[in-house]
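The values are calculated or read from the model by the stated rules, or taken from the named source; none is laboratory data. Keep in mind that this is a model prediction, so the values were computed, not measured. Reconstructed Cβ throughout: ideal geometry from the backbone, glycine too, with neighbour counts over all protein chains shown. The area values use the complete protein model at the heavy-atom level, side chains included, leaving out ligands, DNA and RNA. Shrake-Rupley method; radii C 1.70, N 1.55, O 1.52, S 1.80 Å.
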Amino acid sequence: MADSIDRLYEQVIAAKDADPAVSRTARLLRAGRGKVGKKLAEEAVEVVIDTMNGEREAVVRESADLIYNLTVLWVSAGVRPQEVWSEMARRERLFGIAEKIPKKSAEHSARRKVVVLDSRRARKRR
C-alpha cells in the first residue's frame, strides 16, 4: 500500500505545475490549502455516511477518493509520505500497530494551533 501512495504522491507533485484547465489535481492545489482541506473533509464524511448506510462498494470508492485527497493535502502542506510512515513506525513501537496515541501522551504535550477559516469567521459575525 505504501508503494501505491508513494507513486500517487509523486504523480501529485508532477501535476502541481500542470494546466489547471486539464488537471483536477493542479486546479485543487492552486485553490489553496483551505480548499484542499475542505475536499479531504468532504470525502471523509462521505466514507462515514456510506458506512452507516451499509454501502460497501461506495465505501471502497470514497476511501480511494479520501486517500487521493489526503495525498494532495500532504503535497500542499509539504509533508512527504515517508514522514507519515516514520510516525506510524514510532507509534507502533510505543503503543502497537492497532492503537492510537493517547490524547494526553507525555510525548505529545505541545498544543496545536487552531486555525479558523475566514468563511467560519464571517458566519459567526452574523
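A few remarks follow.
- Neighbourhood net charge (12 Å Cβ-Cβ; Lys/Arg +1, Asp/Glu -1) for A18: +2
- Integer Hz, Karplus 6.51/-1.76/1.60 couplings in order for the stretch 85-92, x for Gly and Pro: 4, 5, 5, 5, 5, 4, 5, 4
- Derived scalar couplings between HN and Hα for the stretch 52-65 equal 5, 8, x, 8, 3, 5, 5, 4, 4, 4, 5, 5, 4, 4 Hz in order, rounded to whole Hz, by the Karplus curve 6.51 cos²θ - 1.76 cosθ + 1.60 (θ = phi - 60°), x for Gly and Pro.
- Overall form of the stretch 1-106 per C-alpha gyration tensor (a/c, 1.5; a/b vs b/c): oblate
- Note on E42/A77: beta-carbon distance plugged into 1/(1 + (r/R0)^6) with R0 of 22 Å gives a FRET efficiency of 0.80.
- Remark: the stretch 23-35, residue by residue, has Karplus-estimated 3J(HN,Hα) of 10, 4, 4, 4, 4, 5, 5, 6, 6, x, 4, x, 5 Hz, where x stands for each Gly or Pro and the curve is 6.51 cos²θ - 1.76 cosθ + 1.60 at θ = phi - 60°.
- Under 17 Å from K39, Cα to Cα: aspartates and glutamates that are on another chain or at least 8 residues apart: D50, E62, D65, D118
- Here the stretch 1-47 has 54 percent of its accessible surface on carbon and sulfur atoms, given a 1.4 Å probe and all protein chains in place.
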